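This report concerns only the one structure given below.
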Number of protein chains: 2
Amino acid sequence: MDLVNDLILRAARGEPTPRPPVWFMRQAGRYQKAYRKLRERYTLPEIVQNPEVCAEVTLLPVKALGVDAAILFADITTPLYGMGVDLSLVENKGPVIHNPVRDEKGVEALRPLVPEEAVPFVLETIRILKRELPVPLIGFAGAPFTLASYLVEGGPSRRFLRVKALMYGEEALWHRLMEKLTEAMARYLRAQAEAGADLLQVFDSWVGALSPADYRRYVKPHMERLFQSLRPAGVPVIHFGVGTMGLLEDMKEAGGDVLGLDHHTPLPWARALLGATPVQGNLDPAVLLAPKGVIRREVQRILKENGGKSGHIFNLGHGIVPETPEENVRYVVELIQEVAA
Amino acid sequence: MDLVNDLILRAARGEPTPRPPVWFMRQAGRYQKAYRKLRERYTLPEIVQNPEVCAEVTLLPVKALGVDAAILFADITTPLYGMGVDLSLVENKGPVIHNPVRDEKGVEALRPLVPEEAVPFVLETIRILKRELPVPLIGFAGAPFTLASYLVEGGPSRRFLRVKALMYGEEALWHRLMEKLTEAMARYLRAQAEAGADLLQVFDSWVGALSPADYRRYVKPHMERLFQSLRPAGVPVIHFGVGTMGLLEDMKEAGGDVLGLDHHTPLPWARALLGATPVQGNLDPAVLLAPKGVIRREVQRILKENGGKSGHIFNLGHGIVPETPEENVRYVVELIQEVAA
């Protein structure tokens, strides 16, 4: 299907648009009644491995909210199964890794990712979506550090002590792990672009745990390689992180066509720092639980902070939280659409 | 006892010193064998309410490490009992509030704090310490937002949805809660200074959860009042927060003689932003679990980043984690002392 609305592609290229495009991380999720209905019949992995259902879930927010982009429904751990990782997704907790990677044996046991064999269902979902979507489709992957922190910690972490102990204590092994994950995610993202994804987003959700010095030494070289290897895919790539104000300059240098900001990073400061580089963000997801007057005030603040500058994709600073009223998400889309009215 | 070493007072006033003073948040804690021994006989509240034992615990790191300051041993929730809060401290979890504050009734039920009646044991501990300490003593309190987030959330939080819902949904009530907490902490801190504390630290550990816009609207006015009301105490005040790079300029304007930085905030950037205002920090606590070579590299990086500028108090970006080997903490002190050797 031809694109009816390519706002996000133009914004990602820094071109002027009548209004910022808007979409939301986790726009398909538990805050939606229709999604909760589907989850009564399928687990998350079952949805992801069933292209017809997965396409339907991906389309839910496009139809219900009128957002300017769809994002493939999947989990950042989806490709890890294909690398030999034994994991399960636990509700309200996240991934639990049954064979955490904490030594040479663990790193060597990670198999190279062959997307066509490991995640054919993801590529099929993309092909189905490209036949139906009026707006661009975003493919995505977890960034090497964020995936490594799950693998080494064994699941979500608050203090990241194990992953930092590996970084500091066995640097060569750390870089070997990061190389494997970087190569795998490069293949995974390129395969999504080849299957039809119009943009890609790299989620470095936990990289904000690092000091800038640690980012430069232990992560940045791998991110440079990742973004270089995505160039041939020929689609804009959004480079997103949480708690990354202190890393933003290095993240920009590492690569990505658009920098995704969380709500801790002042938008005016970021735009000044990043120059012409487009940005995405950055409403606090908690604002979507506030009264409409506060939502309006905060959306307008962010639009004002951007000052009408080209290359702004409106989004939250992180994903929609499950407690969010659906009407409040729709309300934000309406507020953004008012800008061009 | 007269001060033998006043390095931290000079640094807090921005005066040149032969080397940065060094102390560590949570320098008395579970990483210490002697502390663990004492905890076999006393709970944390029992220690805090027993001045002789509390002074002994406060002195442990001064004697064992040779740090340049002691910090009163207590918990940021210590004064809350005196305001009518029913709470318990749960190991590895933190405070659990049995009567969380989520409405008008809860806010009005909070009693004004009369330190001499509510926490006489804290003041007595300070008097004992001032008779024994060769180095300055730091008193401290939790900042209003950080305490409010415990009270409203009912304990530690990852997403802070309840406290933000109160801020956004019942702003007048929110400001009433913050006024009560600000007044209480001002009294608590002034009483510690009057009892002999040489410096004070305000711990705004969770304020980094807010966007800069929210900090300015819902928190900054109260912090301004807090720091204004501490001026008569006539001692330097350290204003510390975690995840606060995006708030730093506003925190500086709110007040405090020294800004405490976490390890996410680049030190050179902070010093440029803050001008002559002294800073404290900012080694990642996880580095203390690394091999000595990495510890030395990271300590020297921070010293180099500060570039010998006056007004630098060396510290971690947050508290010492319990898994830390004691010898590594001592090693950092030695590395800092080498600077003036």
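Loop sites only, by DSSP: take the GluC sites (Glu not before Pro) in chain A that have at most 14 other C-beta atoms within 10 Å and name the longest stretch containing none of them.
Answer from the scan: A:92-322.
Extending 7 Å from Cα along the Cβ direction at A:E323 and again at A:A340 yields two label points whose distance is 3.4 nm. The spacing between the range B:264-284 and the range B:167-229, judged by their C-alpha centroids, is 22 Å.
In the protein assembly as shown, taking the dipole from charged Cβ atoms about the Cα centre, the farthest positive-side position among A:A148, B:V321, B:V287 is held by B:V287.
The lysines within cross-link reach of A:K292, meaning a Cα-to-Cα straight distance under 16 Å and a gap of 8 or more places when in the same chain, are B:K164. Listed by chain and number, the lysines placed with their C-alpha closer than 16 angstrom to that of A:K180 are A:K105, A:K220; residues fewer than eight positions away on the same chain are left out. For the range B:7-340, the solvent-accessible area of protein heavy atoms averages 35 Å² per residue (probe radius 1.4 Å; ligands and nucleic acids excluded).
Under a 5 Å amide H cut-off, with hydrogens placed 1.01 Å from N, B:V235 pairs with nothing among residues at least 5 apart or on other chains. Only Cα sites of the range A:49-186 enter the Debye sum here, all with the same form factor; the resulting log10 I(q)/I(0) across q = 0.12, 0.15, 0.16 1/Å is -0.54, -0.78, -0.86, listed in q order. Placing +1 on the Cβ of every Lys and Arg and -1 on the Cβ of every Asp and Glu, with no other charges, gives the range A:178-283 a dipole of roughly 120 debye about its Cα centre. Amide H contacts under 5 Å for B:I71: B:I138, restricted to partners 5 or more places along the chain or on a different chain, H placed in the peptide plane at 1.01 Å from N.
Just for the range A:7-340, what percent of DSSP beta bridges are antiparallel, to the closest 5? Antiparallel bridges: around 15 percent, rounded to the nearest 5.
Normalising the Debye intensity of the range B:241-301 to I(0), with uniform scatterers on Cα atoms only, and taking log10 at q = 0.20 Å⁻¹ returns -0.75. Placing unit charges on each Cβ (+1 for Lys and Arg, -1 for Asp and Glu) gives the protein assembly as shown a dipole about its Cα centre, and among B:L226, B:T77, A:L7 the Cα reaching farthest toward its positive end belongs to A:L7. Taking every DSSP helix (H) stretch of at least 4 residues in the protein assembly as shown, weighting each as -39,500 (n - 2.57) and dividing the sum by the residue count yields a mean residue ellipticity at 222 nm of -14000 deg cm²/dmol.
Quick one: pull the percent of accessible area on the protein assembly as shown belonging to carbon and sulfur, 1.4 Å probe, ligands and nucleic acids left out. Here it works out to 50 percent. Over chain B, one equal point on each Cα, no solvent: what is log10 I(q)/I(0) by the Debye formula at q = 0.11, 0.15 Å⁻¹? For chain B, the Cα-only Debye profile gives -0.68, -1.34. Sites listed here are trypsin sites (Lys or Arg not before Pro) in the range B:1-94 whose DSSP assignment is loop and whose Cβ has at most 10 other Cβ atoms within 10 Å: B:R41, B:K93. You can think of it this way: the chain between B:K292 and B:H175 has 37.4 nm of extra reach, that is 0.36 nm per residue less the Cα-Cα gap.
Within a straight-line Cα-Cα reach of under 19 Å, B:K93 can be paired with the following lysines, leaving aside sequence neighbours fewer than 8 residues apart in one chain: A:K93. For A:R26, the residues whose amide H sits under 5 Å from its own are A:I320, ignoring neighbours fewer than 5 places away on the same chain, with H placed 1.01 Å from N. What the Cα atoms of the protein assembly as shown give is an Rg and a Dmax of 25.7, 82 Å. Using R0 = 56 Å, the C-beta based FRET efficiency linking A:S310 and B:H98 works out to 0.60.
Taking every DSSP beta bridge that has both ends in the range B:102-240, the antiparallel portion is near 0%.
Total buried accessible area between A and B, probe 1.4 Å, nearest 100: 2700 Å². Of the residues in the range A:153-200, those shielded by at least 30 Å² of accessible area once partner protein chains are present, compared with the chain alone at a 1.4 Å probe, are A:R159, A:L161, A:K164, A:Y168. Whole-Hz Karplus values for the range B:177-183 come out as 4, 5, 4, 4, 5, 5, 4 Hz, taken residue by residue from phi with 6.51 cos²θ - 1.76 cosθ + 1.60 and θ = phi - 60°; glycine and proline positions read x. Rounded to whole Hz and in sequence order, give me ³J(HN,Hα) for the range A:112-128 from the Karplus expression 6.51 cos²θ - 1.76 cosθ + 1.60, θ = phi - 60°, writing x for Gly and Pro. Using θ = phi - 60°, the values come out as x, 8, 10, x, 4, 8, 7, 9, x, 5, 5, 5, 5, 4, 4, 5, 4 Hz. In sequence order, the range A:137-151 has phi-based couplings of 10, 9, x, 7, 8, x, 7, x, 4, 4, 5, 4, 5, 5, 5 Hz under the Karplus curve 6.51 cos²θ - 1.76 cosθ + 1.60, θ = phi - 60°, and Gly or Pro positions carry x. Net charge dipole, chain A: roughly 600 debye, given to the nearest 20, about the Cα centre with Cβ charges of +1 for Lys and Arg and -1 for Asp and Glu.
The values are calculated or read from the model by the stated rules, or taken from the named source; none is laboratory data. Predicted model, so just to flag it, every value in this text is computed and none were measured. Note: ideal-geometry Cβ built from the backbone for every residue, glycine included; neighbour counts use all protein chains shown. Just so you know, the surface numbers come from the protein's heavy atoms only, side chains and all, with ligands and any DNA or RNA stripped out. Shrake-Rupley method; radii C 1.70, N 1.55, O 1.52, S 1.80 Å.
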